[in-house]
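Asks: Have a look at the structure that comes next, please.
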Amino acid sequence: MKDNMAITNILYCTDLGEHTAPVFRYALAQAINNHTSITILHVVEPLTETAETYIDTYHPNTDTKQLRQEKMQKVLGYMKKRIENFLTNECESDAEKNLIEKITVVVGRPSEEILNSIEKYDIGLVVMGKSSSKVQGNKVMGSTARRINRLSKVPVLIIPNRS
């Protein structure tokens, strides 16, 4: 096999829903089989215009920029803690936990942040769930998965969300 076909780093994209454990297990298996590491990415979507308008309208004396930053820091901290709990529950050994190179929680649009992370972290394979909704999980591919599958310059492994 050619060296340029080697998977250097895996990007595991998660929304941290109940249905994501099987997807993570695939990412772990790929990391073990390819002797590589995993970067975990969770994207928190930014406040909508409606939410910002609500804050500006009903809390006019509030520094919305500071409030937004404080709340987002709390959300980011909470999400990182959830990822750490997830790893504790899903990794059977320290060797598996050691495959995790980086845990990243960012604010933005999921598809844009995933595509940016592919370049930023020199990703060789993206592993993600088929849909962020368990209801849709095996029937409809989510818009983020479709977009990444279409635009990624590296292979994308899309896993059905099953328990």
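The values are calculated or read from the model by the stated rules, or taken from the named source; none is laboratory data. Keep in mind that what you see is a predicted model, and the values were worked out from it rather than measured. Don't worry about glycine lacking a Cβ; one is built from the backbone with ideal geometry, like all the others, and counts go over all protein chains shown. Accessible surface is based on the protein model in full, side chains and every heavy atom, while ligands, DNA and RNA are left aside. Shrake-Rupley method; radii C 1.70, N 1.55, O 1.52, S 1.80 Å.
Asks: Could you please give the count of residues in segment 30-56 that are without any contact (Cβ under 8 Å) to a residue 24 or more places away in the chain and either within 21 Å of Val127 (Cβ to Cβ) or open to solvent by less than 50 Å² (accessible area, probe 1.4 Å) (or both)?
Replies: 4
Asks: So, one more: Any idea which residue in segment 137-150 is modelled with the highest pLDDT, counting only those that are of a type in the set (S, T, N, Q) and either assigned to a loop (DSSP other than H, G, I, E, B) or surrounded by fewer than 20 Cβ atoms within 10 Å (Cβ to Cβ) (or both)? Lay out the reasoning, then the answer.
Replies: From segment 137-150, those of a type in the set (S, T, N, Q) are 138, 143-144, 149; that's our starting set.
Filter once more, keeping what is either assigned to a loop (DSSP other than H, G, I, E, B) or surrounded by fewer than 20 Cβ atoms within 10 Å (Cβ to Cβ) (or both): 138, 143, 149.
Values: Asn138: 51, Ser143: 88, Asn149: 94.
Per the stated criteria, the residue is Asn149.
Asks: Quick check on segment 30-60: of everything there that is outside any strand (DSSP E or B) and aliphatic (A, V, I, L, M), which residue is nearest to Asn161 (Cα to Cα)? Don't jump to the end; show me each part of the working.
Replies: First, pick out the residues of segment 30-60 that are outside any strand (DSSP E or B): 30-36, 45-60.
In the following step, the residues that additionally are aliphatic (A, V, I, L, M) were identified as 31-32, 47, 51, 55.
On the way: Ala31: 19, Ile32: 21, Leu47: 27, Ala51: 30, Ile55: 36 Å.
Selected residue: Ala31.
Asks: What are the residues in segment 57-102 that are open to solvent by 100 Å² or more (accessible area, probe 1.4 Å) and of a type in the set (Ser, Thr, Tyr), if any? Spell out how you get there, then give the answer.
Replies: Within segment 57-102, the subset open to solvent by 100 Å² or more (accessible area, probe 1.4 Å) is 58, 61, 65, 69, 71, 73-74, 78, 81, 84, 89, 92, 94, 98, 101.
Those that are open to solvent by 100 Å² or more (accessible area, probe 1.4 Å) and of a type in the set (Ser, Thr, Tyr): Tyr58, Tyr78.
Asks: While we're looking at this one, here's another question. Check segment 22-29 and report whether any residue there is exposed (fewer than 14 other Cβ atoms within 10 Å of the Cβ) and either free of Cβ contacts under 8 Å to residues at least 12 places away in the same chain or in a strand (DSSP E or B) (or both).
Replies: yes
Asks: Look through Lys134, Lys130 and report the one residue that is modelled with pLDDT under 85 and closer than 24 Å to Ala29 by Cα. So that I can check it myself, show each step before the final result.
Replies: On the way: Lys130 fails: modelled with pLDDT under 85.
Answer to the check: Lys134.
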